[in-house]
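The values are calculated or read from the model by the stated rules, or taken from the named source; none is laboratory data. Just so it is clear, the model here is predicted, and its values are computed rather than measured. As a convention, Cβ positions derive from the backbone with ideal geometry for all residues, glycine included, and neighbour counts pool all protein chains shown. To get the accessible areas, we keep the full protein, side chains included, count just its heavy atoms, and leave off ligands, DNA and RNA. Shrake-Rupley method; radii C 1.70, N 1.55, O 1.52, S 1.80 Å.
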Amino acid sequence: QVQLVESGGGLVQAGGSLRLSCAASGRTFDILDMHWFRQAPGKEREFVASIYVSGGTYYADSVKGRFTISRDNAKNTVYLQMNSLKPEDTAVYYCNARRPRTPGGFWGQGTQVTVSS
């Protein structure tokens with residue numbers, strides 16, 4: 001079992017930056033792929049970014065070049081640095097942890113990000 005706790009959300013003006021954190025419990029963090037998803041009001045949850053056990057990363061086209069995902073295995077934490085924020089980035093952001101090539105996994109409770117125009 002892995003518990004995930006997100007933090008770092010808030011209200012920011014368009015063009016600003018935020019850094020989200022997701023702290024994981026347990027001793028298996030370094031063998032888990034980590035992902036960020038988001039869900040805007042009235043919309044389905046969508047993929048944002050991934051960082052794999054290998055350290056490789058992958059981004060949704062909508063955030064490529066603006067967001068950076070990273071991980072610190074010593075701290076059992078994954079980060080999402082969000083720059084040049086836009087109002088359309090407004091959503092609840094969720095952290096997800098799963099074993100490589102395995103669907104589902106564990107989810108955090110989410111953190112709200114609101115970008116004002």
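Here are a few things to note about the model shown:
- Computed from phi, the 3J(HN,Hα) profile of segment 62-75 under the Karplus parametrisation 6.51, -1.76, 1.60 (θ = phi - 60°) reads 5, 10, 4, x, 10, 10, 9, 9, 8, 9, 10, 5, 5, 9 Hz, with x in place of Gly and Pro.
- Förster-model FRET efficiency, 30 Å R0, Ser62 and Thr28, C-beta, rounded to 0.05: 0.50
- Per residue, in Å², the accessible surface of the chain once ligands and nucleic acids are set aside, probe 1.4 Å: 53 Å²
- Convex hull volume of the Cα atoms of the chain, normalised per residue: 94 Å³.
- Nearest-10 value in Å² for the accessible area of Lys43, using the 1.4 Å probe: 140 Å²
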